[in-house]
1. Output wanted: per-residue J couplings in Hz (rounded whole) for region 366-379, from phi through Karplus 6.51 cos²θ - 1.76 cosθ + 1.60, θ = phi - 60°, x for Gly and Pro.
2. Among the listed pairs Lys236/Lys271; Lys248/Lys352; Lys27/Lys53; Lys193/Lys271, give every one whose C-alpha distance is greater than 23 Å.
3. Treat the count of other C-beta atoms within 10 Å as a stand-in for reagent exposure and order Val368, Val14 from fewest to most.
4. Please compute the Kirkwood hydrodynamic radius of region 297-387 from all pairs of different C-alpha atoms, in Å with one decimal.
5. Of Phe383, Phe52, how do they rank once you tally other Cβ atoms within 10 Å and put the fewest first?
6. Each residue of region 340-351 in order: what ³J(HN,Hα) in whole Hz does its phi give by Karplus 6.51 cos²θ - 1.76 cosθ + 1.60, θ = phi - 60°, with x for Gly and Pro?
7. Could you give me the ³J(HN,Hα) list for region 49-61, computed from phi with Karplus coefficients 6.51, -1.76, 1.60 and θ = phi - 60°, whole Hz, x at Gly and Pro?
8. Could the peptides 334-342, 250-258, 385-393, 233-241 be put in order, highest first, of the mean number of other beta-carbon atoms found within 10 Å of their residues?
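No lab work stands behind these numbers, since they all come straight from the coordinates. Here the structure is a predicted model, which is why all the values come from computation and not from measurement. Note: ideal-geometry Cβ built from the backbone for every residue, glycine included; neighbour counts use all protein chains shown.
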Amino acid sequence: MSTKDWIEKDYYAVLGVSKDASPDVIKRSYRKLARDLHPDKNPGNNEAEARFKEVSEAYGVLSDERKRREYDEARTLFGSGAFRRQAGAGGFGGTGPGGMPFDFTDLFNASQGAGGAGGPGPAGGAHRARSGGLGDLFGAMFGGGRQPGSSNRGGDIETEATLDFSEAARGVTVPLRLHAPGVCETCQGNGAKPGTKPRTCPLCLGTGLVSRNQGAFSFSEPCRECQGAGSVVDEKCPDCKGTGGITKTRTMHVRIPAGVSDGQRIRLKGKGQPGTRGGPPGDLYVVVHVRQHTLFGRSGLNLTLTVPVTFPEAVTGTEIRLPTLDGSVTLRIPPGTPSGRIFRVRGKGVRKGDSPPGDLLVTIEVEVPQNLNEAARKALADFAAATPGNPRAHLEREGAR
């Protein structure tokens, strides 16, 4: 991500939310835009694809609490004029404390390493890289910043998966098709043409950083000769053009654990974008969507089920067979069961990790017959005459006051 992305781009406007929007509001706005702009939904539409990437980049910053805070601080700091742009400067520069000139691009590159927003995946996910933050930026200004020879962690990738109700309850292994940066297989990530290899940068001697003195200050910046990589590629790989990475489509089989719920975000450590210069890989985040079941509902780890019974069954009691996710069970309905009563079948809910399984909560619904023949009507009339008491007596007494 470049300097101008942090300072000039309004990610809140990109997602159509206010600056004080909650994380849930930001997530809902991103998902709606991602669905509408997804390349699979807009084949051949370059404008929609560019907008989709822009939305993914904005969400990659605003969905991360730390990045969002640093982004807000950066826009507030530089937008307030604390660092003024030099008139006639060739780059995106400014004047720091004591009138010391510096280049914002160098500083942001030093603080963020090789991070940047990557390509969106076909399921609506987006690759995004992690920055070192404003602390690293000002450390780079005044002599700190990235350590020589340090490696860069790979960016995180986010995608989505839609599961059946029973798959979410039991756990399942799903294939995920990702369109994201990965290591170039032609050069194995070193950026050099096959048969050649990178050489140590003669300017920074492989550290990736050079020091520059400005009056009383001395600070480090990425080496301009090797762009901070510490090595120089003379003959570039024909596939990745010397970058060592290439955006490609790959299929990954991922195990979704039992008990996931709709909208849950699962982190798979080390399954994201490979790191550069030997750095660790990023993480893969999978947002799970769960289809509704024709019979069951869910409340936490408990399954819910509504069961109809006839009026005679509710009055005299009965035994009924009930489905579960693991076969069937028998439930005894005692005599005089009213409509709306809930019975608990223990251990027949959802399992999650080492936690005890949830229960099956059965709600009884007494069916009222709609069409009766004369014999049934006479039987009900005889039943009503033989039934003592008035269930509405307390209402009538209250109304008579």
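1. 6, 7, 9, x, 9, 10, 10, 7, 5, 5, 5, 4, 5, 5
2. Lys236/Lys271; Lys248/Lys352; Lys193/Lys271
3. Ordered from fewest to most neighbouring Cβ atoms within 10 Å, Val368, Val14 come out as Val368, Val14.
4. Final number for the Kirkwood radius of region 297-387 is 14.9 Å.
5. Taking fewest neighbouring Cβ atoms as first place, the list is Phe383, Phe52.
6. Calculated HN-Hα couplings, in order: x, 5, 10, 10, 10, 9, 6, x, 10, x, 9, 9 Hz.
7. For region 49-61, the Karplus curve yields 5, 5, 5, 4, 5, 5, 5, 5, 5, 5, 5, x, 8 Hz.
8. The peptides rank, most packed first, as 233-241, 250-258, 334-342, 385-393.
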